[in-house]
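J.: Mind looking over this structure? Questions follow.
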């Protein structure tokens, strides 16, 4: 069974550019979470989808971040325009409905220069 | 308020034991433990629920002290493969949302 897959694994962009990160959860997992780890700090919650609906987006830093999950399958996280402080590793995790054991992807390392 | 993990880092020799603590200032519903190796996905180790019992498999176990709002991860007779960063993720209040608030991580290095 395929795990949680994230694309790209690395991205280096200039300040002011746009980047879109993609997450493919485990098939059948209704819960999808986005987290971010800034260098050396804790893994911080960004938002939670249940199927295609945003259940909790309290962790989104500002309106430069837009997450979507059309059709309740894969999700995208767009950063526009990117700022230096957006650099970090973005993780996606998924879990089945009613189960809080979450499976993480390997992350996308975003570097804004 | 994120949970606080201690110690921040630990270096062991193979076969030695270690304890990693995760303390919360808020009432916990559950604690999830993960291990991450460099460049890889965090891997789920175990979950402890409020009112639940101590859990473990092989030489890794954990406990949940409701009175102290603290969880401890016990690594017994450590192996080289145990090296990595350990994170506790906590759910507060009535929980069951899956939204985790993580500690800052504990880096464990096991040497031969």
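J.: Starting from the exponent 0.38 and prefactor 2.2 Å, build the expected Rg for chain B from its residue count and divide its actual Cα Rg by it.
T.: Values: Rg = 13.3 Å, N = 112, 2.2 N^0.38 = 13.2 Å.
Here the answer is 1.01, to two decimals.
J.: By how many nm would the segment from residue A:109 to residue A:84 lengthen if fully extended, with 0.36 nm per residue of separation less the alpha-carbon distance?
T.: 7.7 nm
J.: Calculate how large, on average over all directions, the projected area of the Cα convex hull of the protein assembly as shown is; give the answer in nm² to one decimal.
T.: 12.3 nm²
J.: Taking all pairs of different Cα atoms in the stretch A:65-113, averaging 1/r and flipping that mean, what Kirkwood radius in angstroms comes out?
T.: Kirkwood hydrodynamic radius for the stretch A:65-113: 12.6 Å.
J.: Here's a follow-up. Label points 7 Å out from Cα along the Cβ direction at residue A:7 and residue B:68: separation in nm?
T.: Once both label points are built, they end up 4.7 nm from each other.
J.: Sort A:36, B:13, A:22, B:35 by Cβ crowding within 10 Å, fewest neighbours at the top.
T.: So the ranking, lowest neighbour count to highest, is B:13, A:22, B:35, A:36.
J.: Here is a further query. If the elastic network links every pair of Cα atoms under 10 Å, which of B:62, B:18, B:41 fluctuates the most in the Gaussian network model of chain B?
T.: Among B:62, B:18, B:41, the largest GNM mean-square fluctuation belongs to B:41.
J.: Now, a different point. So, R0 is 45 Å and r is the distance between the beta-carbons of residue A:18 and residue B:111; what FRET efficiency does that work out to, to 0.05?
T.: Computed FRET efficiency for residue A:18 and residue B:111: 0.55.
J.: Ok, one more. With bins 10 Å wide starting at 0, give me the P(r) of the stretch A:14-113 over every alpha carbon pair, in whole percents.
T.: The distribution over the stretch A:14-113 is 17, 52, 27, 4, 0, given as percents.
J.: Inverting the mean 1/r over all pairs of different Cα atoms, compute the Kirkwood radius of the stretch A:4-63 and quote it in Å.
T.: 13.3 Å
J.: Something else about it: Most exposed first by the Cβ proxy, i.e. fewest other Cβ within 10 Å, how do A:20, B:90, A:100 rank?
T.: Ordered from fewest to most neighbouring Cβ atoms within 10 Å, A:20, B:90, A:100 come out as A:20, A:100, B:90.
Read-outs throughout are calculated quantities, based only on the coordinates presented, and are distinct from any laboratory measurement. Here the structure is a predicted model, which is why all the values come from computation and not from measurement. Quick reminder, even Gly has a Cβ in these numbers, built from the backbone with ideal geometry, and neighbours come from all protein chains shown.
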